[in-house]
1. Suppose every Lys and Arg Cβ carries +1 and every Asp and Glu Cβ carries -1, with no other charges. What dipole size does segment 207-263 come out with about its Cα centre, to the nearest 20 debye?
2. Among GLU56, GLU296, GLU34, rank each residue by its count of other Cβ atoms within 10 Å, from fewest to most, as a rough exposure measure.
3. Could you give me the radius of gyration and the Dmax of segment 22-125, taking only the C-alpha atoms into account and expressing both in angstrom?
4. Separation of segment 240-260 and segment 179-200 by C-alpha centroid, Å?
5. Taking the beta-carbon count within 10 Å as an exposure proxy, list SER167, SER61 from fewest neighbours to most.
6. Distance between Cα centroids, segment 32-54 to segment 222-238: provide it in whole Å.
7. Rounded to the nearest 0.05, what FRET efficiency do ASN160 and ASP300 give with R0 = 25 Å and r taken as the Cβ-Cβ distance? Could you check?
8. Rounded to the nearest 20 Debye, what is the dipole magnitude of segment 99-202 about its Cα centre when Lys and Arg each give +1 and Asp and Glu each give -1 at the C-beta?
Amino acid sequence: MDILDKMENSLNRCISSNQNKSMFKSVMIANRGEIAVRIGRTLKKMNIRTVTVYSEADRNSAHVTEADYAVELKGSTSSETYLRGDLIIAAAQSQNVEAIIPGYGFLSENADFATECESNGICFIGPTPEQIRQFGLKHIAYELAAAADLPLLAHSGLLNDVEEAKSKASSIGYPVMLKSTAGSGGNGMARCSNEDQLIDAFEKVRRAASKFLKNDGVYLEHCIDDARHIEVQIFGDGHGHVIALNERDCSLQRRNQKMIEETPPPNLTDDIRARLRDAAVRLGTLVKYRSAGTVEFVYDRTCHLFYLLEVNCLLQVINRCAVVYLEIKYKNKICCSRWSIR
């Protein structure tokens with residue numbers, strides 16, 4: 001049985017066990033651009049009424065014109081519109097939608113927004129609020145990873161001050177990465193080759209984390225310089241059934257931002273790829289992961305070992321790379337958006 005059959009069978013079991021729950025009749029897309037268009041077209045194929053939101057600048061965008069109904073969010077900037085969970089929930093209630101799907105970016109990894117949706121009787125199509133919180137803070141994610149027996153780099157817990165950081169760095173061994181526990185996408189981190197660099201970076205990283213991520217917690221982990229960045233796309237049904245769809249290489253980066261994605265990743269043995277998938281599935285299974293997610297690893301090219309970096313609880317923008325490959329391989333039968341809605 002291939003991965004397609006496994007997930008379809010799992011979703012069918014979930015639907016059968018909830019006979020009193022019918023398919024959504026109306027869903028709001030809380031996003032814009034390519035991902036909103038892609039989700040909207042999937043909803044139409046499922047015969048589900050599509051409602052979108054938009055700012056004044058996006059009035060004539062494809063995600064608006066292709067929707068069954070669109071609600072304008074008063075404001076011009078993202079912070080005034082697409083990041084206003086209260087406005088989006090109010091718009092959803094005005095249209096009697098049963099669920100909100102966030103896509104990627106904006107509110108997709110906002111646990112408070114997911115909680116507010118469900119508190120207002122609206123299904124949040126994505127991971128559970130608890131899963132978003134667990135994986136959103138790396139020191140908690142590492143605890144879960146250890147419980148699932150995933151390989152981890154030598155690291156510290158949350159650091160109280162620079163003196164503790166110096167002590168932990170000495171134990172771990174330089175070079176180290178000083179990271180924000182709430183950081184993501186290359187934000188809130190600094191590579192330190194020695195103690196002087198660590199002292200110089202400590203307060204800078206902590207202040208930046210507090211300002212931009214609203215959490216000043218920082219920790220250390222060993223830095224691997226000759227490394228590759230490998231991600232595994234997973235999908236879970238929320239009942240303990242998790243599959244790994246494929247892997248992608250994201251090593252070509254500029255300022256810690258991914259520039260090129262490649263799938264399947266070149267020059268990885270079948271054994272390494274199988275172990276990457278197995279590790280990702282173990283972690284997802286432990287928490288009974290729901291919806292699409294990405295488990296990210298750093299791969300040491302010198303010793304051919306890999307270690308967990310983080311988990312992103314969303315349908316990533318780079319998911320499109322994996323989707324195109326899977327559509328070709330499985331003849332358009334795989335659709336993470338459709339699976340999430342089901």
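Rule-based calculations on the coordinates, nothing more; no lab input. Since the model is a prediction, treat every value here as computed from it, not as a measurement. Here Cβ is always computed from backbone atoms with ideal geometry, including for glycine, and neighbour counts include all displayed protein chains.
1. Charge dipole, segment 207-263, about its Cα centre: 480 debye, nearest 20.
2. The most exposed by this proxy come first: GLU56, GLU34, GLU296.
3. Values for segment 22-125 (Cα only, Rg and Dmax): 12.2, 37 Å.
4. That distance is 21 Å.
5. Ordered from fewest to most neighbouring Cβ atoms within 10 Å, SER167, SER61 come out as SER167, SER61.
6. 29
7. It comes out at approximately 0.25.
8. Charge dipole, segment 99-202, about its Cα centre: 240 debye, nearest 20.
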